[in-house]
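Reading through the structure tokens given below for one structure.
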Amino acid sequence: MTMCGHGWRQRAAVANLNWPLAHAGLLLVVLLLLLPPDSVLTDNEENYFQLAAQAITGVPASPDSAVFDASRHRFVSELLLGRLISLSGFEGAQVITRVLTAAAFALLLPPVFRLLSLSAFDGVIVVVVFALLGQNVIGGEWLFQGFEAKVVAYGFVLAALHAASTRRSLITATALCVAATYFHFLVGVFWFLAVLGLRLIENRREITRIAVAAVVFMVATAPLAGTIVRTRLSVGTVGAVADAPAPDVIYSLIREPWHGAPFMSWEYFAIQWLPGYLVAGAMLAGCIVIARTGSEGRQRKVAVWLAVLISYLFLVLVPTFVERYTGVVGKFYPFRPSSLVLLVWLALALAWLNELEMRHFLAAKLLALALITPAFLNAAVSRIVGDVEYHLTFAADKQVVATYLAVNAAPDAIVLVDPTVESLFLDFERRTGRPSLVAWKFAPTNDLQLREWYRRIEFRKSLFENGCPPDLAYRVDFLLTTPRSVTALSPSCGLVAVETEHWRLLRRAAPSE
């Protein structure tokens, strides 16, 4: 009997040792499907990778570059990412950062899930459902679509949430939130406040420790806050001028209303935002039910905490409505927390269902995973196939254009890219070494440069819609466009210098020609 008991304890110890590894392994497969290291950069990765590469050169970017942003609040991520790019190239850096991101979250998520008594199998279900829901409730947010600084920040936030829930001291959680803030200011600040809120819900007598943590956090992040004030919130640049709207209007209402401007119109709100808020309302109701009926104390406290966070998403509608014409609120990305809120809510909901001890619930979960896995795999494989097809379809044409420019264009020759095909040429400058003046995706984040970006956008729009006037507001040496547009553009903008299957490169005549 003793030997049998000893053997059982050994097996239990081995199972307990391997369980976290199994959890991490299962999640790693799922996360690598969400973050395929396929060397094809997303639009966000093109933006942030090129800014990072610029940041470490020590040489100012061309004044005619489309990648221009003097804001220095990303200095930590740009230094680290820029060094990696210098060593491994853009494609290599994408592969490395995505693999590391997937591995990091495969290790970070299990401890958070275990706080709610979720198994490895449960954790996989949560992440797969999260992915199928678009990783988002409102505001166009996500966690696992590519690599950028906010993804690193969310990793630190998850570690901070775990530390705040398992350690008496708040020192570790505060330090992790400071690190998150230096990678992404808005993510770090919001979730530090959320971490403090969770701690307060768990123990209302912790107010002194929470206050001390808040002071430490403010002191530690003050240098970054000062940098942001100097470079992003410049005094005296908030109003409109003759040739450009106010910077907040440009950034929040023109450039990306899907992130922070729900009230562009009532029709826009009803179509783009109301469905998400109906989901958020259901999530809030679920939190109330769990808080009142949950059998486990931590579940009830997390439910209250999530109810507060979801309520915030409703309350922030008020200032966005009041400032719907100015865009002031949108630049702070007030709906950004919705993605991580959704992930934690799914974990909480599954934990609560587990506690109900329904008959055959394990079988029901197996069936549910079997039913949703094909949709998940289809989405993941479709993305990978799309990336590969994109590379195979356009790589040769891009190389033809790059080769021609390398031989026939001056290093500072400006190549204006047709806005209808811009998304295919976000890598243009890093591949050709020639500036392209402006790209819709590459909007700077400080007021003065936002106005310049807007002027360039309007200039490009007018040129490709109406042709080239005799006197251009900006110098243009080449135009990259489609075969369909050549007939309208060529008479005023120059002759075709390069023809490929998909594009035409027009060369503008020199003033003396």
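The values are calculated or read from the model by the stated rules, or taken from the named source; none is laboratory data. These numbers come from a predicted model, not from an experiment. FYI the Cβ positions are ideal-geometry reconstructions off the backbone, even for glycines, and counts take in every protein chain you see. Each accessible area value is taken on the protein alone, full model and side chains, heavy atoms only, with ligands, DNA and RNA left out. Shrake-Rupley method; radii C 1.70, N 1.55, O 1.52, S 1.80 Å.
Key figures
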read-out	value
Links that overshoot a 26 Å alpha carbon limit, given the list LYS150/LYS461; LYS150/LYS441; LYS398/LYS441; LYS331/LYS461	LYS150/LYS461
Using a Förster distance of 30 Å, the FRET efficiency for HIS502-ILE96 (Cβ separation, nearest 0.05)	0.45
Peptides ranked, highest mean first, by Cβ atoms within 10 Å: ranges 112-123, 138-149, 403-414, 164-175	138-149, 112-123, 164-175, 403-414
Within straight-line cross-link reach of LYS301, aspartates and glutamates at Cα separation under 17 Å, skipping those fewer than 8 residues along the same chain	GLU202, GLU206, GLU355
Cα-centred dipole magnitude for region 29-82, charges only on beta-carbon of K, R (+1) and D, E (-1), debye, nearest 20	240
Helix-only mean residue ellipticity at 222 nm for the chain, each DSSP H run of n ≥ 4 adding -39500 (n - 2.57), per residue, nearest 500	-21500 deg cm²/dmol
Backbone N under 17 Å from the THR487 label point (7 Å along Cα→Cβ), restricted to region 445-469	465-467
Correct option for mean projected area of the Cα convex hull in nm² [calculated from the coordinates] among (i) 29.1; (ii) 31.4; (iii) 26.4	(i)
R0 of 25 Å, Cβ-Cβ distance THR166-LEU80: FRET efficiency to nearest 0.05	0.35
Gain in span if fully extended, LEU133 to VAL421, counting 0.36 nm per residue against the direct Cα distance	100.8 nm
Inter-label distance, nm, simple model (7 Å from Cα along the C-beta direction), ARG292/VAL318	2.4
Net lengthening on full extension, ARG383/THR403 (0.36 nm per residue, minus Cα-Cα)	4.3 nm
Peptides 246-256, 483-493 ordered by average Cβ neighbours within 10 Å, highest first	246-256, 483-493
Förster radius 35 Å - calculated FRET efficiency between LEU21 and SER311, Cβ distance, rounded to 0.05	0.40
Rel. contact order, % - alpha carbon contacts under 8 angstrom, at least six apart, the chain	18
Sulfur and carbon atoms: percent of accessible area, the chain [1.4 Å]	66
Unit charges on C-beta of K, R, D, E only; dipole of the chain, Debye	1980
Nitroxide proxy distance, nm - points 7 Å out along Cα→Cβ at TRP266 and ALA222	4.9
Order by protection proxy (mean Cβ within 10 Å, highest first), peptides 449-459, 263-273	449-459, 263-273
DSSP bridge pairs, the chain: antiparallel proportion in percent, nearest 5	75
Stretchable slack from ALA70 to ALA368, in nm (0.36 nm times residue separation minus alpha-carbon distance)	102.4 nm
